[in-house]
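Just below is one structure, and these are the notes that go with it.
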Amino acid sequence: MGLLKGKHIILGICGGIAAYKSVFLLRLLVKAGAEVQVVITPAGKEFITPVTLSALSGRPVISEFFTANTGSWNSHVDLGVWADAMIIAPATASTIGKMAGGIADNMLVTTYLSAKCPVFLAPAMDLDMMAHPSTKRNLELLAGYGNHIIEPAEGELASHLVGKGRMEEPENIVKAVEAFFASQCDMAGLRVMITAGPTHERIDPVRFIGNYSSGKMGFAIAEECARRGAEVTLVSGPVSLQCVHPGIRRVNVESAREMLAAAEEAFATSDVAIMCAAVADYYVENQATSKIKREKDEIPQIVLQRNPDIAATLGAKKQPGQVLVGFALETDNEAANARLKIERKNLDFIVLNSMRDKDACFGTDTNKVTIIDRSGVEKAFGLKPKSEVAHDIVNHLVEII
Ligand code: C5P
């Protein structure tokens, strides 16, 4: 189904005999297209060597806070932000206890505490340890914190005793993680076109009229839609950003008129269009084909001509069932101006960001928005990272669809 393709997964391995199964789990994850970073506890290394794990994952295995020979520091915070999911398999009674108690005395449990992504635990231990009230209580606590417990199976254990405690088979662990991602795909089957970034209107081959838009908001929305299963076309003006999700189709444009052509083409087969770009209002009609020289007496005149309104053009063509979302950046009469834009551009809703809000505009990593829909209902959100703002906007979109 490709649900794990391009996903960043931390595979945490603890010291238990079931660690040998983690090698198969790692292989399955890599085969499914995931990028896997193995973090192993010191006891885990007694059961399975980092060499095997790094060869299969294509990345050095992390175990310690510091890498001795280089003196560099392994950042649990960076790892926690990088990951789309963390799978701890096998999860031993000791690690489960540390996780439940907030103890951070090795790289694995410290990374767990920093992780913002969903965490899956596949416990593996002897039947009496599994049945112990403290293990049961710790697992209940961890489930209560939102972790996903992949229950161990019953069967013969390493001790030759028979009971509950065998780590679930790698295939089933992969299935559980895939099922989770499938449940997150509330945009599966939707085609979304997003415009992002500024446009550059050429004056001559080396100069242009532009604006300060970084494209960060549009790119964050594209990532969010792709993560939730949508087929995304991102029509981007000149920005220095990269797409992370491999499913995003990126079309690079320079001017507003190029952006219009790419957006119209994509919109014809899209269910949703999100107009995030800061499109220049004018282009240079007397664009020079060679570099304009600095003449002593003559000051060159730039003749401007109105650019097309891409959102309004798509709004006029919108078919029943298509959803069009706009952005508004206002300094005065914000809500009233935003409502006028909903009408003028035939939008389904508009995302208003105010120039008055500090840290909520061009180039920043945060934004503070209010969503206003056609019926006039307003939803105001606090200052958040753009990735979280994208989440709020896409939630609203999914609600109205
Ligand atoms: O009219 P104004 O520029 O304030 O409207 C902003 C909204 O319209 C944004 O969603 C922006 O992406 C879109 N827009 C557009 N084409 C233009 C100007 C704005 O798509 N030429």
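Here, each number is a calculation from the coordinates, and none is a lab measurement. Owing to the predicted nature of the structure, the values given are computational and were not obtained by experimental measurement. When we count neighbours, we look across all protein chains shown, and the Cβ atoms used for this are built from the backbone with ideal geometry, even at glycine.
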query: Tell me, what are the semi-axes, in whole angstrom and largest first, of the equivalent ellipsoid of the stretch 225-295 as set by the roots of 5 times the Cα gyration tensor eigenvalues?
result: 30, 14, 9
query: Using unit Cβ charges (K, R positive; D, E negative) and no other charged atoms, how large, in debye to the nearest 20, is the dipole of the chain about its Cα centre?
result: 420
field: Kirkwood Rh and Cα Rg combined as Rg/Rh, the stretch 2-183
entry: 0.94
field: Positive-pole candidate from S134, M107, T52, dipole of the chain, charges at beta carbon
entry: T52
query: Shape call for the stretch 18-118 from the C-alpha gyration tensor, a ≥ b ≥ c root eigenvalues: rounded (a/c under 1.5), prolate (a/b greater than b/c) or oblate?
result: rounded
query: Where the only charges are on Cβ atoms (+1 Lys, Arg; -1 Asp, Glu), what is the dipole of the stretch 262-333 about its Cα centre, to the nearest 20 debye?
result: 220
query: Across the Cα atoms of the stretch 191-400, what radius of gyration and what greatest pairwise Cα-Cα distance (Dmax) are found, in Å?
result: 17.5, 61
query: Around R250, which amide H atoms from residues at least 5 apart in sequence, or from another chain, sit under 5 Å from its own amide H, with H modelled in the peptide plane?
result: L234
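More than 10 Å apart: what percent of Cα pairs in the stretch 165-204 qualify? Present the calculation step by step, with values, prior to reporting the outcome.
On the way: 625 of 780 pairs.
The answer is 80 percent, as a whole percent.
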query: For the stretch 149-244, which semi-axes, largest first and in whole Å, follow from the square roots of 5 times the eigenvalues of its Cα gyration tensor?
result: 51, 14, 8
- prompt: Hey, with R₀ at 56 Å, roughly what FRET efficiency would S75 and D332 work out to, going by the Cβ-Cβ distance, to 0.05?
  reply: 0.80
message: Test of understanding: ordering R306, R207 by Cβ neighbours within 10 Å, fewest first, what list do you get?
response: R306, R207
Cut-off 12 Å between beta-carbons: net charge of the residues surrounding L56, Lys and Arg +1, Asp and Glu -1: +3
task: Rounded to the nearest 0.05, what FRET efficiency do A158 and K5 give with R0 = 41 Å and r taken as the Cβ-Cβ distance? Could you check?
output: 0.75
query: What does the charge count near L29 come to, summing +1 for each Lys or Arg and -1 for each Asp or Glu among other residues with Cβ under 13 Å from its Cβ?
result: +3
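Step through the table entries K116/K164; K7/K116; K116/K386; K45/K98; K318/K341, compare each Cα-Cα distance with 25 Å, and write down the pairs that go over it. Mind showing how you got there, number by number?
On the way: K116/K164 30 Å; K7/K116 14 Å; K116/K386 16 Å; K45/K98 18 Å; K318/K341 15 Å.
Over 25 Å apart, Cα to Cα: K116/K164.
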task: Please pull out the direction-averaged projected area of the chain, using the convex hull of its alpha-carbon atoms, in nm² to one decimal place.
output: 25.4
- request: In nm, give the distance between the simple-model label positions of N286 and Q301, each being 7 Å from the Cα along the Cα-to-Cβ direction.
  value: 0.6
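Would you tally the net charge around A288, using a Cβ to Cβ cut-off of less than 12 Å, leaving A288 out, and scoring K and R as +1, D and E as -1?
Result for the neighbourhood of A288: +2.
About its Cα centre, how strong a charge dipole does the stretch 2-183 have in debye, to the nearest 20, once Lys and Arg get +1 and Asp and Glu get -1 at the Cβ?
Dipole of the stretch 2-183, to the nearest 20 debye: 300 debye.
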Under 16 Å from K317, Cα to Cα: aspartates and glutamates that are on another chain or at least 8 residues apart: E264, E265, D271, D309, E343, D348
- prompt: Measuring from centroid to centroid over Cα atoms, what is the spacing of the stretch 230-278 and the stretch 326-381 in Å?
  reply: 21
